[in-house]
1. Number of Lys-Lys pairs in segment 208-321 under 25 Å by Cα, sequence gap 8 or more or different chains?
2. Just how far, in whole angstrom, is segment 203-243 from segment 256-295 if you go by their alpha carbon centroids?
3. I'd like the distance between the alpha-carbon centres of segment 70-88 and segment 1-48, rounded to an integer number of Å.
4. Averaged over every viewing direction, what's the projected area of the C-alpha convex hull for segment 103-284? Give it in nm², one decimal, please.
5. Identify the GluC sites (Glu not before Pro) of segment 1-99 meeting these criteria: DSSP loop state and at most 14 other C-beta atoms within 10 Å of the C-beta.
6. Based on the Kirkwood radius over alpha-carbon pairs, what is the Stokes-Einstein translational diffusion coefficient of segment 104-162 at 25 °C with 0.890 mPa s viscosity, in µm²/s?
7. Exactly which trypsin sites (Lys or Arg not before Pro) in segment 93-195 are in a DSSP loop and have at most 11 other Cβ atoms within 10 Å?
8. Taking just the C-alpha trace of the chain, give me its Rg and Dmax in Å.
Amino acid sequence: MDEPYVFITRRMPEDIKARLEASCRVSMWEYEDIPVSKGRLEEEIKHADALFCNVSDNIDNEMLNKAEHLKVIATMAVGYNNIDIQTAADKGIQVAHTPDVLTETTADLTFALLMASARRIAEGIDVIRNNEWGAWAPFFLTGRDIHHARIGIIGMGRIGEAVARRASGFNMDIVYHNRSPKPDVEESLGASYAGMDELLTTSDFVCVQTPYTKETHHLIDGNALQKMKKNAVLINTSRGAVVDETALYEALQAGEIRAAGLDVFEKEPIGADHPLLTLPNVTALPHIGSASEDTRQKMAEMTADHILEGLRGDTVSNKVV
Ligand SMILES: NC(=O)C1=CN([C@@H]2O[C@H](COP(=O)(O)OP(=O)(O)OC[C@H]3O[C@@H](n4cnc5c(N)ncnc54)[C@H](OP(=O)(O)O)[C@@H]3O)[C@@H](O)[C@H]2O)C=CC1
Ligand SMILES: O=CC(=O)O
């Protein structure tokens with residue numbers, strides 16, 4: 001019997017490719033920093049038995065309908081909003097993702113962004129690099145305190161909980177909002193459940209950690225931003241479109257909220273001409289939530305293993321559908 005054919009949509013380290021090559025025929029997009037072209041992906045998905053993809057690949061209904069032999073899609077991410085999971089399920093294609101392995105790393109980055117936004121770290125770095133440091137001044141680059149402030153976590157899931165654990169080390173008052181309350185987390189972390197309105201109107205830091213779904217599209221819109229405290233900071237490390245960027249720009253410019261820390265954007269990648277980057281109170285990062293060497297290596301290994309499981313006919317261990 002022919003070996004199954006796997007297509008990898010981004011250049012991966014040799015050990016990851018070799019893990020698959022032990023039992024599969026593998027082909028890989030040549031570049032690490034350029035997404036696979038739509039044309040190549042359409043061509044490959046037609047023949048592939050398995051697809052190793054990532055957050056920047058749009059695996060929609062049209063793309064999936066080209067697949068003739070596909071048995072498994074393994075994405076090197078926990079979020080899978082870029083994959084039409086209903087069509088995959090209808091076609092009997094298993095979809096696997098990488099939960100847990102990236103939770104602590106993403107929470108570290110979320111907290112780093114929170115601290116950088118509150119304490120104006122990016123502005124401070126710019127001052128030094130631009131040779132603008134005149135002298136110590138009493139109120140120069142003063143930020144807002146993190147310790148003992150209230151953090152409101154929207155989406156108290158794996159990453160939300162890991163952020164809450166970090167917040168408790170800073171003696172923060174933790175409130176959260178989910179569709180379903182989590183009494184165990186309330187007990188272990190001393191967090192309190194809040195409705196959206198209460199969370200927005202009382203939090204000093206609002207952290208968004210939900211997946212991107214129809215329900216969470218523009219969850220943070222102009223209305224939500226208006227409810228936030230004037231001194232509040234918004235942190236988004238979930239997906240860009242959970243926040244209405246136009247409304248956010250207007251709220252930041254009008255001083256309706258204090259600052260924003262963003263790792264994700266509605267259309268990625270953004271360029272230096274993005275309106276939000278004209279605002280000094282925006283700290284922006286290029287979607288690097290899970291980007292530590294160890295975590296990305298583990299995510300890649302896990303993704304390859306999901307493919308091997310699916311091709312053996314087993315149920316993949318982190319099955320979305
Ligand atoms: N910036 C980056 O690089 C990274 C970004 N991410 C993003 O983070 C997301 C979360 O990951 P993870 O913590 O593992 O996921 P989980 O599924 O563990 O947590 C998601 C949480 O969101 C809540 N939620 C879902 N829908 C809603 C809603 N409509 N309103 C309020 N709460 C909601 C869920 O609770 P309930 O169902 O009770 O509502 C759940 O507690 C990923 O989907 C991904 O988009 C992840 C990793 C890295
Ligand atoms: O954005 C990253 C993910 O793992 O989801």
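Each value in this text was obtained by applying a stated rule to the coordinates, not by laboratory testing. Since the structure is predicted, the reported quantities are computational estimates derived from the model, not experimental observations. Cβ atoms come from the backbone with ideal geometry, glycine included; neighbour counts cover every protein chain shown.
1. Pairs that pass both the separation and distance tests number 4.
2. Segment 256-295 and segment 203-243 have Cα centres spaced 14 Å from each other.
3. 16
4. For segment 103-284, the mean projected area of the Cα convex hull comes to 10.7 nm².
5. 30, 32, 68
6. After rounding, the answer is 181 µm²/s.
7. Those satisfying the criteria are 179.
8. Rg, Dmax (Cα atoms, Å): 21.4, 75.
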